[in-house]
Amino acid sequence: MSQNTSQLNHNANFLPEPSPDLFRKVMLRVAREQRVLMLKKLFLFVFCFAGSVALTIPAWRTLQGELSRSGFWQYLTIALSDLHVASQYWQDFTWSLLESLPAISAAALLAAFAVSLISLKFIIRYSKFIFGNPQILRTQRH
C-alpha cells in the first residue's frame, strides 16, 4: 500500500502546473459566454416586442370595428344616458353589453398587449445585464 502511495507522489511531481491566471481566464470566458447568451435573448425579445406591437394595431382596429357593428356602443350609450332606467333594469343591460361584446377580438388585443409587456420586461432585464455591467459579470483583474 505504501509503495503505491509513494509511486503516486513520485508521478505527481511530474504533472504540469496550471498557469497562475488560469482561474481568471476561465472566469472571463464564462462571463463572455453569459454576455453572448444574454445578447441573443435580448434580440429574441426585441423581435417578439416588435411583432406584438405590430399585431396590436390591427387587433385594435378590428376590435373597434366589431364594437361598432355589434351595437355595443348603442347599449352603453343607453345605459349611461338614462341612469334611472339602467339602474332598474341593470341585469338586462349587463347581459346585453356582455352579449354584444366581441370576445375574440378583445382577447386577441389583450394577448398582443400582454406579449408586448412581457417582452418589454425581459428587454429591460437583459439590457441591464448587458449594458449596465452588473457585479455578477465583473471579474477581478490581477
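The values are calculated or read from the model by the stated rules, or taken from the named source; none is laboratory data. Bear in mind the structure is a predicted one, so any value in this text is a computation, not a measurement. Here the Cβ positions follow ideal geometry from the backbone for every residue, glycine too, while neighbour counts run over all protein chains shown. Surface areas here come from the heavy atoms of the whole protein model, side chains and all, with no ligands, DNA or RNA. Shrake-Rupley method; radii C 1.70, N 1.55, O 1.52, S 1.80 Å.
Of all the criteria given as (1) open to solvent by less than 50 Å² (accessible area, probe 1.4 Å); (2) under 24 Å from the mean Cα position of the chain (by Cα); (3) more than 30 Å from Phe129 (Cα to Cα), the one not satisfied by Leu42 is (3). Would you check if Ala54 is within 13 Å of the chain's Cα centre (by Cα), of a type in the set (Gly, Ala, Ser) and either outside any helix (DSSP H, G or I) or loosely packed, with under 15 Cβ neighbours inside 10 Å (or both)? Here the answer is no, as Ala54 does not meet what is asked. Checking Phe23, Phe43, Phe47 one by one, the residue that is at pLDDT 95 or above, out of contact with any Gly (no Cβ under 9 Å at 6 or more places or on another chain) and part of a helix (DSSP H, G or I) is Phe47 and no other.
Would you confirm, using the coordinates I've provided, whether Leu37 is out of contact with any Asp or Glu (no Cβ under 8 Å at 6 or more places or on another chain), assigned to a helix (DSSP H, G or I), open to solvent by 60 Å² or more (accessible area, probe 1.4 Å) and closer than 19 Å to Arg125 by Cβ? Criteria met by Leu37.
Scan the stretch 5-12 and tell me whether some residue there is aliphatic (A, V, I, L, M), at pLDDT below 90 and under 30 Å from Ile118 (Cα atoms). Scanning the stretch 5-12 turns up no residue that is aliphatic (A, V, I, L, M), at pLDDT below 90 and under 30 Å from Ile118 (Cα atoms).
In the set Trp73, Trp60, only one residue is at pLDDT below 90 and among the aromatic types (Phe, Trp, Tyr); that residue is Trp73.
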